[in-house]
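See below for the structure under consideration.
The values are calculated or read from the model by the stated rules, or taken from the named source; none is laboratory data. Please read these numbers as outputs of a predicted model, since none were measured by experiment. Here the Cβ positions follow ideal geometry from the backbone for every residue, glycine too, while neighbour counts run over all protein chains shown.
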Ligand code: PMP
């Protein structure tokens, strides 16, 4: 137990899935960056919704529909509070980070990016923050450019001012790299982009899980994250957008709920955020996400951040101590992830042997192939940490890595 009263051991009791054996060993789940486990409070909230309140939202006047609507809108308010957004209208429910970024690319992007313009991303991005911009640039005749990364996994910010040109229409940047754990000083990037009038989208998929995020303090224009990585359900996510900006953007998809009136000749679109939420939303998903936020706030995001820092330092040192292992990414600030390779052993073989020991990690390119190329590797093994991981988990990983060494000599 830490000074803040935080105890990962105690937290584990809230996550029933962790209490199981895999291949006859205690499950050691080190793949939360891909998808995090859910506390019982989230599972109960979803189950309560379907057992008691299920109905479609916004349209019905009957009691269940009113209850479902209030649960859905209540979840939106919880997200607003969690991100410290100014206005609940700035919170758009989407399927996840991927959909949030596609939404911005296809609405803000199509409206504001034209032939000869530029979209700036960075070498740290997940494919979800590359491909939608590539598609947009192809559609609009624009050019995709990127801020390079150095050998430590830090962005080369000396190059930033030159890359923010009069043709740059948006900067899209990750807050934390999913492949290396680099924490990007997004506040500084946002300030420098804003000096030139360029809006910024931040991919927060790997950030919101590890430390408090305040969109007003960052002054970002858009912020995206996924519920399933935030200990909530799959299929729900969030796009935060500054209200004044969202109001200038055309709809993303057409359908029910995003309209005020429809005739064959003309549709008047609904207000934000509903304009961007065509069709029946994932109401139970939003309710589950709201419960995840309540849970995390109950534990305390500051305590979670302190645990992450302490355990990551322990894990990096422990993994580096295994013969033949090289940890990739030594950015100035890191969060949540130890990414490594082992001499003469393919990451997939490592992943398979670790699984036999009950240790779940991810091996591959982590949907960040351009970044892997920068580091001259095709793949790495990634152990990712969450609030329920302990030193015992890290020790189990290290023991299993020694077994890999034995197998491969
Ligand atoms: N961005 C980052 C940094 C990610 O780690 C991920 C998920 N691995 C995504 C975007 C995409 O998230 P999702 O698949 O939930 O849309």
| request: Tell me, please, whether a residue that is out of contact with any helix residue (DSSP H, G or I) (no Cβ under 8 Å at 6 or more places or on another chain), at pLDDT below 95, within 20 Å of residue 89 (Cα to Cα) and in a loop (DSSP other than H, G, I, E, B) can be found in segment 244-251. | output: no
| Among 190, 198, 268, which is the only one that is part of a loop (DSSP other than H, G, I, E, B), touching a strand residue (DSSP E or B) at 6+ places or on another chain (Cβ under 7 Å) and within 20 Å of residue 108 (Cα to Cα)? | 198
| task | Please give the number of the condition residue 224 fails out of (1) more than 10 Å from the ligand (Cβ to nearest atom); (2) under 17 Å from residue 246 (Cβ atoms). | result | (1)
| field | Filter pass, residue 180 being part of a loop (DSSP other than H, G, I, E, B), crowded, with 24+ Cβ neighbours inside 10 Å, within 16 Å of the ligand (Cβ to nearest atom) and modelled with pLDDT of 95 or more | value | yes
| task | Return yes when residue 394 is without any contact (Cβ under 8 Å) to a residue 60 or more places away in the chain and either touching a helix residue (DSSP H, G or I) at 6+ places or on another chain (Cβ under 9 Å) or assigned to a strand (DSSP E or B) (or both) and no when it is not. | result | no
| query | Which one is surrounded by the most Cβ atoms within 10 Å (Cβ to Cβ), of the residues in segment 357-378 that are in contact with a helix residue (DSSP H, G or I) (Cβ under 8 Å, 6 or more places away or on another chain) and not in a loop (DSSP other than H, G, I, E, B)? | reply | 359
| task | Sort through 233, 212 and tell me the only one that's more than 16 Å from the ligand (Cβ to nearest atom), outside any strand (DSSP E or B) and within 30 Å of residue 32 (Cα to Cα). | result | 212
| Test: residue 239 is away from the ligand (no atom under 16 Å from the Cβ), closer than 23 Å to residue 113 by Cβ, touching a residue at least 40 places away in the same chain (Cβ under 8 Å) and outside any loop (DSSP other than H, G, I, E, B) | no
| message | For segment 26-132, give me every one of the helices (runs of 4 or more DSSP H) that falls completely inside it and has 3 or more residues that are over 16 Å from the mean Cα position of the chain (by Cα) and touching a residue at least 60 places away in the same chain (Cβ under 8 Å). | response | 40-48, 63-83
| task | Answer yes or no as to whether residue 141 is within 16 Å of the ligand (Cβ to nearest atom) and on the phi > 0 side of the Ramachandran plot. | result | no
| field | Enumeration of residues in segment 13-25 that are in contact with a helix residue (DSSP H, G or I) (Cβ under 8 Å, 6 or more places away or on another chain) and either buried (at least 20 other Cβ atoms within 10 Å of the Cβ) or without any contact (Cβ under 8 Å) to a residue 40 or more places away in the chain (or both) | value | 15, 16, 19
| field | The one condition in (1) at pLDDT below 95; (2) more than 26 Å from residue 54 (Cβ to Cβ) that residue 313 fails to fulfil | value | (1)
| said: Here are the criteria: (1) more than 16 Å from the ligand (Cβ to nearest atom); (2) surrounded by fewer than 16 Cβ atoms within 10 Å (Cβ to Cβ). Tell me which single one residue 316 does not satisfy. | reply: (2)
